[in-house]
Amino acid sequence: MTAATLCALALAGCGTLLDGEEAGDDRDSALSGPLPVSYTATIDGLDEQPDVREVIRASLDTFRYQQRGAPSIAGLKRRAENDRATLMQVMSAEAYYDATVEIRVEETPGDPDADARAIFDVAPGTAYTIAAFQPAFEPHPEELPTDAEIKRAADLGEGAEAHGEDIVAAETRVVRFLSRNGFPYARFIDRRAVANTENHTLTVTARFDPGPYTTFGPLVIEGDTKLARDYIMDRIPWQEGEPYDRQKVEEFQEAMRATGLFDAVSVQPPQTPDPEQVARPVTLKVADAKLRSISGSLRYDTDIGPGVRVGWRHRNLFGGAEDFRAELDASLKEQKLTFGMTQPHTPTERWTLKESFTLRRLDDEAFTEESATARIGVETGVGKHWRVGTSVEGSAALVESDIENDTAYLLGFPTFANLDRANDQLNATEGFRLFLAAAPYAGLNNGDPAYFGRISLGGAFYQPLIGENSLVLALRARVATILSQALDDVPVNERFFAGGGASVRGYAFQSISPTNDAGDLTGGRFLSESAIELRARFMEDLGVVAFVDTGYVAAEPFPDATETLHVGVGGGVRYYSPVGPIRFDLAFPLHRRDEDNFFEFYISLGQAF
């Protein structure tokens with residue numbers, strides 16, 4: 001004969017473990033320090049359910065307070081007996097509704113390590129499975145999705161083990177499904193679970209109040225904002241009159257937050273339902289962030305001297321979230337002025353339009369350059385971690401060097417793909433980055449046609465060795481080539497040089513290059529760089545690093561055995577400031593040439609890579 005029992009009490013605590021101090025007559029929880037009766041606690045049975053055993057150990061006071069001991073044997077017995085209800089609740093939550101437990105406390109006078117032993121002898125029985133999950137609605141409006149759609153959304157099929165947390169999760173999915181289909185006020189009421197002890201199945205009836213059917217009404221904007229209303233309206237992913245969809249509201253809220261233009265953003269329907277009004281307004285509440293900012297930073301390298309970077313930014317220049325920046329980056333060797341603007345959702349929703357104009361002057365041992373470069377391009381995210389883009393670039397440059405003087409006018413089409421799985425921009429401790437870039441160029445160099453293409457591939461890898469950031473291994477590699485008929489087809493300022501704080505530490509900026517017969521730096525068409533860095537953080541705001549950098553440049557578009565691999569070694573200190581790590585690096589060239597210093601010193605914001 002089938003014996004049906006109500007399991008509502010067991011399910012009421014599904015997925016919840018007691019996490020307070022001991023209860024009942026056991027008053028020792030208020031005491032501090034060890035108690036006079038030491039004991040061990042064990043679980044017999046559950047050999048085939050090791051995960052359940054671990055949950056019990058974490059939930060029962062008998063195990064949690066084992067190291068402190070008990071005030072007496074009688075107190076230990078009370079403690080173990082008080083754990084009975086918790087243990088049975090755990091077993092029910094794990095689908096073992098027929099479980100039984102025998103609790104024994106045995107004194108162990110001959111054991112030097114413990115005065116007693118608490119034993120929980122658990123017989124789990126057979127795990128129950130779901131016979132049916134039946135949503136019920138009070139009331140039941142005609143706009144509700146079909147029963148089949150709701151059960152499909154619950155995703156709790158017949159035959160699945162009747163774990164309490166799975167049942168609760170199914171109920172949560174039903175509420176979520178309703179909120180995506182016109183019922184933003186849906187809520188769970190209660191459940192009734194009936195167990196069939198002959199075939200070990202559970203029939204669960206979950207009651208819900210769906211609330212009134214609701215459609216999207218007009219958008220109401222609360223709070224002063226300088227973001228254009230048209231821009232906001234274009235980001236709305238729904239149409240007025242559509243069934244209310246909670247996910248679309250969340251997407252819209254995230255889109256507004258992602259602009260970075262607000263200190264606070266919330267998007268909500270009216271707090272209380274109104275059965276008489278189907279179309280309900282959606283309220284966007286915003287508080288503008290500061291749109292203008294000034295930035296600045298200092299650095300010092302022994303090879304290029306002191307440097308300064310100052311910038312001005314307006315994050316909503318014309319009211320459409322246009323991000324405009326003006327930046328001056330200047331050192332004794334290089335001065336660069338850049339104006340740039342980013343326009344999101346241009347030309348289409350998924351794409352971002354980027355424009356920049358740069359004036360540059362460089363006075364280096366390799367060459368002197370005065371140039372102007374204009375670029376316009378688009379880029380977009382692909383998935384969560386990829387970013388791809390392409391652009392059109394035009395440049396004009398006057399270049400003087402010991403080997404030649406160039407007047408170059410070039411048109412290029414740079415394209416890139418980046419994959420970023422690192423956990424931080426300035427101080428990555430885990431993950432990796434990969435990039436691929438290619439750009440064909442055509443134009444005039446000293447009046448002669450010039451055609452060449454540049455391809456670059458590289459990446460970085462970060463692996464914590466001790467803790468999350470106590471000791472981190474960081475690796476970097478890059479290879480690049482310029483494809484052209486001859487080296488002379490490539491203007492000197494477009495060729496590869498290596499060396500410097502962002503390249504090969506220990507060697508001066510752009511000092512690694514092939515040379516001609518006179519010993520002049522010519523630049524090359526093949527480049528390889530690599531670095532290995534061990535980063536140790538021994539205090540909250542201090543750390544040290546040790547590193548090895550390598551760099552190689554060849555005149556041909558492929559490796560050349562006649563060129564030297566340059567290696568720099570060194571170490572440094574990191575101060576982890578609120579704005580990012582400040583690095584102090586000291587590097588030595590292993591293959592020191594006559595023109596190389598004994599060491600190079602670098603100070604800047606952010607890790608080397």
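The values are calculated or read from the model by the stated rules, or taken from the named source; none is laboratory data. All values derive from a computational prediction rather than experimental measurement. In this analysis, Cβ positions are derived from the backbone assuming ideal geometry, glycine residues included, and neighbour counts consider all displayed protein chains.
Quick one: count up the residues across the stretch 39-67 that are over 16 Å from V105 (Cβ atoms) and not small (G, A, S). It would help to see each step written out before you state the result.
Going residue by residue through the stretch 39-67, those that are over 16 Å from V105 (Cβ atoms) are 45-59, 64, 67.
With not small (G, A, S) added as a condition, the list becomes 46-57, 64, 67.
The total comes to 14.
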Fill in the blank from the handout: Flagged pairs (Cβ under 7 angstrom, 6 or more apart or on separate chains; first in the stretch 162-176, assigned to a loop (DSSP other than H, G, I, E, B) and surrounded by 16 or more Cβ atoms within 10 Å (Cβ to Cβ); second at pLDDT below 95 and among the small types (G, A, S)) are A162/A95; H163/A93; H163/A95
Exercise for the section: Could you grab me the full set of residues in the stretch 199-231 that are of a type in the set (S, T, N, Q), under 37 Å from the mean Cα position of the chain (by Cα), outside any strand (DSSP E or B) and under 30 Å from I189 (Cα atoms)? Expected result: T214
Practice task
Determine if the stretch 193-203 includes at least one residue that is on the phi < 0 side of the Ramachandran plot, at pLDDT 95 or above and among the small types (G, A, S).
Solution key: no
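Would you call D234 under 29 Å from the mean Cα position of the chain (by Cα), within 27 Å of A321 (Cα to Cα) and assigned by TED's automatic domain parsing to the domain that holds P275? Let's see the steps before the verdict.
Working: under 29 Å from the mean Cα position of the chain (by Cα): yes; within 27 Å of A321 (Cα to Cα): yes; assigned by TED's automatic domain parsing to the domain that holds P275: yes.
Here the answer is yes, as D234 does meet what is asked.
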Problem - Near pairs, Cβ below 6 angstrom, 6+ apart or cross-chain, from the stretch 319-335 (without any contact (Cβ under 8 Å) to a residue 60 or more places away in the chain) to any residue that is surrounded by fewer than 16 Cβ atoms within 10 Å (Cβ to Cβ) and aromatic (F, W, Y) - result: A326/W312; A326/F339
Problem - Given (1) of a type outside the set (A, V, I, L, M, F, W, C); (2) more than 26 Å from F357 (Cα to Cα); (3) in the same structural domain as S511 (by TED's automatic domain parsing), number of the condition Q247 does not satisfy - result: (3)
Handout entry: Pair list, Cβ under 6 Å, 6 or more apart: the stretch 510-533 residue outside the structural domain of G499 (by TED's automatic domain parsing), other residue modelled with pLDDT of 95 or more
Key = none
Practice task
Within the stretch 58-71, identify whether any single residue is over 30 Å from D98 (Cβ atoms), modelled with pLDDT of 90 or more and assigned to a loop (DSSP other than H, G, I, E, B), and answer yes or no.
Solution key: yes
Fill in the blank from the handout: Restricted to the stretch 533-554 and to residues being surrounded by 15 or more Cβ atoms within 10 Å (Cβ to Cβ) and of a type in the set (V, I, T), the residue farthest from L586 (Cα to Cα) is V553
Handout entry: Flag for L359 being at pLDDT 95 or above and outside the structural domain of F584 (by TED's automatic domain parsing)
Key = no
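Checking the condition at pLDDT 95 or above and either assigned by TED's automatic domain parsing to the domain that holds E322 or touching an Asp or Glu at 6+ places or on another chain (Cβ under 7 Å) (or both), which residue from F216, F177, F252, F183 passes?
Working: F177 fails: either assigned by TED's automatic domain parsing to the domain that holds E322 or touching an Asp or Glu at 6+ places or on another chain (Cβ under 7 Å) (or both); F252 fails: either assigned by TED's automatic domain parsing to the domain that holds E322 or touching an Asp or Glu at 6+ places or on another chain (Cβ under 7 Å) (or both); F183 fails: either assigned by TED's automatic domain parsing to the domain that holds E322 or touching an Asp or Glu at 6+ places or on another chain (Cβ under 7 Å) (or both).
None of the other options fit; the residue is F216.
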Handout entry: Close pairs from the stretch 485-500: first closer than 23 Å to G570 by Cβ, partner of a type in the set (V, I, T) and surrounded by fewer than 24 Cβ atoms within 10 Å (Cβ to Cβ), Cβ under 8 Å, at least 6 apart
Key = G500/I304
Problem - V392 under 27 Å from E349 (Cα atoms), surrounded by fewer than 14 Cβ atoms within 10 Å (Cβ to Cβ) and modelled with pLDDT of 95 or more - result: yes
Problem - Given (1) in the same structural domain as G506 (by TED's automatic domain parsing); (2) assigned to a loop (DSSP other than H, G, I, E, B); (3) touching a Phe, Trp or Tyr at 6+ places or on another chain (Cβ under 8 Å), index of the condition F318 fails - result: (3)
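If you scan the stretch 583-598, which residues turn out to be buried (at least 17 other Cβ atoms within 10 Å of the Cβ) and either among the aliphatic types (A, V, I, L, M) or over 15 Å from S530 (Cα atoms) (or both)?
Going residue by residue through the stretch 583-598, those that are buried (at least 17 other Cβ atoms within 10 Å of the Cβ) are 583, 585, 587-589, 596.
Once the filter is applied, which keeps residues that are buried (at least 17 other Cβ atoms within 10 Å of the Cβ) and either among the aliphatic types (A, V, I, L, M) or over 15 Å from S530 (Cα atoms) (or both), the stretch 583-598 yields R583, D585, A587, F588, D596.
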Fill in the blank from the handout: Within the stretch 576-608, the residues that are farther than 19 Å from G307 by Cα and under 28 Å from the mean Cα position of the chain (by Cα) are Y576, S577, P578
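With the requirement that a residue be of a type in the set (A, V, I, L, M, F, W, C) and either outside any strand (DSSP E or B) or crowded, with 18+ Cβ neighbours inside 10 Å (or both), what does the stretch 401-450 give you? Explain how you work it out, then say what you get.
Quick first cut of the stretch 401-450, residues of a type in the set (A, V, I, L, M, F, W, C) only: 403, 408, 410-411, 413, 416-417, 419, 422, 426, 428, 432, 434-439, 442, 444, 450.
Scanning the stretch 401-450 gives I403, A408, L410, F413, A422, L426, A428, A439, A450.
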